[in-house]
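Asks: Let me give you the structure first, and then I'll get to my questions.
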Ligand SMILES: [Zn+2]
């Protein structure tokens, strides 16, 4: 991590590119354009100091929280970042980061790191119909806790168990609430065990969707505006709800995951075909011919 900071300070775009995970939002297919962007940033920035606040490692995932003090356009700026790294083929690669202005030690969590590795496009587990959950055990509760941390770390609206390599009928969402300015605010976490959807409304709407398992691809997906969901909550209570808007959309997206369906399957043939080269390149750079 310190070396990535140095690479920015010394303007070494090649090093930055080589240590960025292919699923990172920063990843760019056009290396020349990417290198130019990094050089432009480095040449306008003076790197004054780096303060490491803490780091944690858990198998193939790690986080480093640091405060960077830089000067941009003659102005001194500080920001705190919690960076996530994923170990890929023996190398730690930058996955993404949560940024906060100034000195923000609240970005460090005292708990042990509970991130789970994600399953990406091309992994067969994403195409399986998941198994029902028979009992709600302590292990399941622990898994859900880790799923919440993983969803939040990667800025997801929801996360389904197959996306973290567990083929079971379980997903979580952060209840999205539409704000008056058309944005989305993420509220409390909701846990759905053995969910069943029914009574989709005839009225549909088309909105852009993305997926943590298919990074960097977004497409407009048509879905019913409302749907009914029956599920077990974490306490094992049977719940039946009618949901609408963004909440319904996220629920339908996550519910698809436990049935082996991805949002790109909802696109019409032409649009799906136009995405094919991007999907192929994504699959190649993430799995790089390695056995899944
Ligand atoms: Zn998804």
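Bear in mind these aren't lab numbers, they're just calculated from the coordinates by the rules spelled out. Values in this document were obtained by computation on a predicted structure and should not be read as measured data. Positions of Cβ are generated from backbone atoms using ideal geometry, with glycine treated the same way; all protein chains shown enter the neighbour counts.
Asks: Within 10 Å, count the other beta carbons around each residue, average over each peptide in 171-178, 185-192, 125-132, and list them highest first.
Replies: 171-178, 185-192, 125-132
Asks: In addition: Given a cut-off of under 8 Å on Cα pairs at least six residues apart, what relative contact order in percent is computed for the stretch 115-168?
Replies: About 58 percent, as a whole number.
Asks: While we're looking at this one, here's another question. Taking only Cα atoms, what is the 0 to 90° angle, nearest 10, from helix 138-153's long axis to the longest principal axis of the chain?
Replies: So the inclination is approximately 50 degrees.
Asks: To continue, here is another question. Under 8 Å for C-alpha pairs, at least 6 residues apart: give me the relative contact order for the chain, rounded to a whole percent.
Replies: After rounding, I find 14 percent.
Asks: Then there is this: With runs of 4+ DSSP H residues as the only contributors, calculate the mean residue ellipticity of the chain at 222 nm using -39,500 (n - 2.57) per run, divided by the residue total and rounded to the nearest 500.
Replies: Value at 222 nm, helices only: -8000 deg cm²/dmol.
Asks: Can you work out the base-10 log of I(q)/I(0) for the stretch 124-287 at q = 0.11 1/Å, using the Debye formula on its C-alpha atoms alone?
Replies: Values, matching the q order: -0.44.
Asks: Could you give the distance between the Cα centres of the stretch 23-102 and the stretch 228-292, to the whole Å?
Replies: Between the Cα centre of the stretch 23-102 and that of the stretch 228-292, the gap is 29 Å.
Asks: Shifting gears a bit: Please label the shape of the stretch 112-181 as rounded, prolate or oblate, based on the square roots a ≥ b ≥ c of the eigenvalues of the alpha-carbon gyration tensor (a/c under 1.5 means rounded; beyond that, a/b larger than b/c means prolate, else oblate).
Replies: Prolate shape, in that a/c is at least 1.5 and a/b is the bigger ratio.
Asks: Something else about it: Compare 96, 49, 194 in a GNM of the chain, Cα atoms joined below 10 Å, and give the one with the largest fluctuation.
Replies: Most flexible of the set in this elastic network: 49.
Asks: Per the Kirkwood formula on distinct C-alpha pairs, the Rh of the stretch 69-167 is how many angstrom?
Replies: Kirkwood hydrodynamic radius for the stretch 69-167: 16.1 Å.
Asks: Order these peptides, 7-14, 84-91, by their mean beta-carbon neighbour count within 10 angstrom, highest first.
Replies: Descending mean neighbour count gives 7-14, 84-91.
Asks: Let a ≥ b ≥ c be the square roots of the eigenvalues of the Cα gyration tensor of the stretch 2-107; is it rounded (a/c under 1.5), or, if not, prolate (a/b larger than b/c) or oblate?
Replies: Oblate, because a/c is 1.5 or more while a/b does not exceed b/c.
Asks: Does anyone have the angle between helix 245-257 and the longest principal axis of the chain? Alpha-carbon axes, 0 to 90°, nearest 10?
Replies: With rounding to tens, the tilt is 90 degrees.
Asks: Angle, helix 31-43 long axis vs. longest principal axis of the chain, Cα atoms, 0 to 90°, nearest 10?
Replies: Helix 31-43 and the main axis of the chain meet at about 50 degrees.
Asks: Which whole-percent values make up P(r) of the chain when all C-alpha to C-alpha distances are grouped in 10 Å steps starting at zero?
Replies: Distribution as computed: 6, 24, 32, 25, 11, 2, 0 percent.
Asks: May I ask you to derive the relative contact order of the stretch 217-292, considering only C-alpha pairs under 8 Å and at least 6 residues apart, and to give it as an integer percent?
Replies: About 23 percent, as a whole number.
Asks: Once label points are set 7 Å from the Cα along Cα→Cβ at both residue 103 and residue 2, what is their separation, rounded to one decimal in nm?
Replies: Taking the two extended label points, one gets 2.1 nm.
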